[in-house]
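What follows is one structure encoded as structure tokens, with my remarks underneath.
The values are calculated or read from the model by the stated rules, or taken from the named source; none is laboratory data. Here the structure is a predicted model, which is why all the values come from computation and not from measurement. Here Cβ is always computed from backbone atoms with ideal geometry, including for glycine, and neighbour counts include all displayed protein chains. When the accessible area is computed, the model is the full protein with side chains, heavy atoms only, and any ligands, DNA or RNA have been set aside. Shrake-Rupley method; radii C 1.70, N 1.55, O 1.52, S 1.80 Å.
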Amino acid sequence: MKFTFHLILLCLLSYLLSPLKGQAQVLPDSLEQQIGVTHPLQRLAKISQLALDYQQTDPKVSRLLAKQAIKLAREVGDPEDQYIEKMNLAETYKLLGHRDSTRLMVREIFADSSKEEVYPALKYAFQHEASWYFGKRKLDSALFFAKKCQQYAFADGANNLEVSSFNMMGNIYKYQSKWELAVDAFLNCLDRIGHLNPGQTAIIYNNLAPIYSKLGQHDKTLFYLKRSLAIRDSIGMKRGLELLFLNMGLAYRNLADHVRADSCFGASVKWCEDHQAWRFWGEGLIRQAETAIDLKNHSKALSLLEKLPTRYPSDDDQIYSYLYYKVKGEALLGLGRAREAVLAGEKSLEKAHASQSPQSRLIAYHILKAAHAQAGNFEKAYKLAKLEENLRDSLLDVEKVNALADMEAKYQNEQKQAQLELNQSLLAQEQAENAQKTTLLGAIGLGAILLLVAVGLTAFFLRKTQKLNHQLNRSNDQKASLLREIHHRVKNNLQVISSLLELQARQETDESVRDSIAEGRNRVKSMALIHQKLYQTEDLAEVDFQDYLDQLVQVLGQSFQQKDRKIHTQIVANDIKLDIDTAVPLGLIVNELVTNAYKYAFPGRKEGNIQIRIEKALSEEGYLLSVSDDGVGLPDGFSAQQARSLGLRLVNILSKQLKGQLEVFSDAGAHFNVHFSEKSARLAAN
């Protein structure tokens, strides 16, 4: 009985899913009047055209007409038209959201693909297959069919279909993070569209913009979005404006233009509300709240988030769930509601783990760390700071680790190959010696024995030497790995200290105390950066000072730069590499002198210049460090040796530690010169 019931149900489903079972429905009188002809071929052409006309405006009527066209094509014996009409019906099913019926039509085309008359319809079948696989996020299959569609469309001169296939390829490459290939595909679309279809051009501009955002070219992102908006305005195209405004807001936010970003996000939300289109409404509100935090308006951010329903975003939507709780945690932190911020931070971390995004996890750690610190839970804040730094290191090192793994594998293969060749050589040599011994044994017995002993001793010492060299190389590799790990751990511990100082600064209300803590953090960062450079390079003995100073000055610039002031820095330290015992104190000296320049050299000025140079001293052995600015200069009678500030006292102490000489003078700004030598020269002098 149960089997019979399932059989009946299966037959019923098969009947319902088959688009061509049974007789086609009789057309209503209103449609018959529009057709207006009775000759079969003329009637087929008219019905086919009407089916296409109704596709966008009334897909159900289009479906009815397409079925009639297929029936009529079969009756007049035109198989080529029959397959074309099947593809039109497949497109109608797609518009109606009937994916299974769409695919059934396409499969019928592929089933007869060996027939010559199917050829004109194949390109449309490839297009539908690409779309179906893309919807399932089976990207490799989608790309295969999109390329097939493009090839057939090009061969047939079907320009619109070729544009559609390139558009599909661009979107597939976007999902695969192959940004350059995606850009090429979309530019191919634009080449083929020309000026004939402005609406499609606007859509391609929309697709291009996020790719340039991923490539960090936010000006280009805005350029294409603005061009898309201009085209839409000129032709009255309203569909998709909410997404366009959303992307414009993201571009402005990436350019730190938070006021325009807020305006764009607000426009996106309003469009959704006016048109009752809710797909991007929630994201628009969250992004607007995120921008409110950028503008230090935490109350507005929280009120925007409170507009969202209690079940938005759904627990299944991990990305937007993470974003929601991340923004909520930041807003609560800004309002001093630490315990609620901890709960939001925990939820954001949970969603970040679920989304498998290490970058999201890094931000969630940071929010949760700050929330626990604000709540006074310093032990938890410390643990989270350690997790944050370890994850940041892993993200920075992942490419380097992969490269090192490849190099290590290559090295091991080369070693195995070399050992194999050596063994083969020794074996061949031994075989040759045995043959020689056999030949000479009867003639010169004693001489052969002595020769064999000599060869044996040579082989023994050769193997002994190779084994010793291998052990020494292995020992050196282990020591290098250990030293790299030490630098790594020292850097991590210094970063944790820096994080703790940051947490402490947030608890202080006295501005002078906060400034002092910030200066202490910069000193710690200057030392941490040295160790980071050492463990990230192959040469564990020396630091590339040009690269180090570039990053150090960037950190200081972020700490002291003001919105209404632009300080330009010039760093010249080409080909200067220094040992760690020289690099650490020298880095601290640069940190203090550049900090002083930012703080005191340019009062009331909107622009200024700071120059840092390290070069080989011309008149004596060693190096010359020069830090100068074009600011107000030093006060009359200034003496660095008698300075009372902690920074300049440190400069004096560190200069002595380097066995160096400090010179200070004022000439169109302040100038500090430190003559110093490398560690080897300082040790020799002692």
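Annotations
- Cα centroid separation, the range 580-647 to the range 164-220 (Å): 49
- Dimensionless Rg over Rh [the range 164-308; C-alpha; Kirkwood]: 1.00
- Comparing Y324, L229, N254 along the charge dipole axis of the range 207-337, the residue lying farthest to the positive side is L229, per the Cβ-charge model.
- Cα-centred dipole magnitude for the range 535-676, charges only on beta-carbon of K, R (+1) and D, E (-1), debye, nearest 20: 800
- Note on Y175 and L52: the model spin-label points, each 7 Å out from Cα along the C-beta direction, lie 2.9 nm apart.
- Local charge for G604 was computed over the other residues whose Cβ lies under 13 Å away, with Lys and Arg +1 and Asp and Glu -1, and equals +1.
- For the range 555-686, the residue among F676, V651, L662 whose Cα projects farthest onto the positive side of the dipole built from Cβ charges is V651.
- Surface share of carbon and sulfur [accessible, 1.4 angstrom probe, percent] for the range 170-263: 51
- Over all other residues within a Cβ to Cβ distance under 12 Å of C264, the charged ones net out to +2, with Lys and Arg as +1 and Asp and Glu as -1.
- Carbon plus sulfur fraction of accessible area for the range 597-686, probe 1.4 Å, in percent: 49
- Furthest towards positive pole of dipole, L335, A292, L244, structure part the range 231-371, Cβ charges: L335
- Distance violations [Cα-Cα > 30 Å] among K300/K351; K380/K566; K60/K214; K326/K599: K380/K566; K60/K214; K326/K599
- Between S516 and N159, full extension at 0.36 nm per residue minus the direct alpha carbon distance yields a gain of 121.9 nm.
- Estimated inter-spin distance, S303 and L343, nm [label 7 Å along Cα→Cβ]: 2.2
- The local environment of T201, defined by Cβ-Cβ distances under 14 Å, has a net charge of +2 under the rule Lys, Arg +1 and Asp, Glu -1.
- Under Karplus coefficients 6.51, -1.76 and 1.60, residue-wise ³J(HN,Hα) of the range 236-244 in Hz, glycine/proline x: x, 8, 9, 4, x, 5, 4, 6, 4
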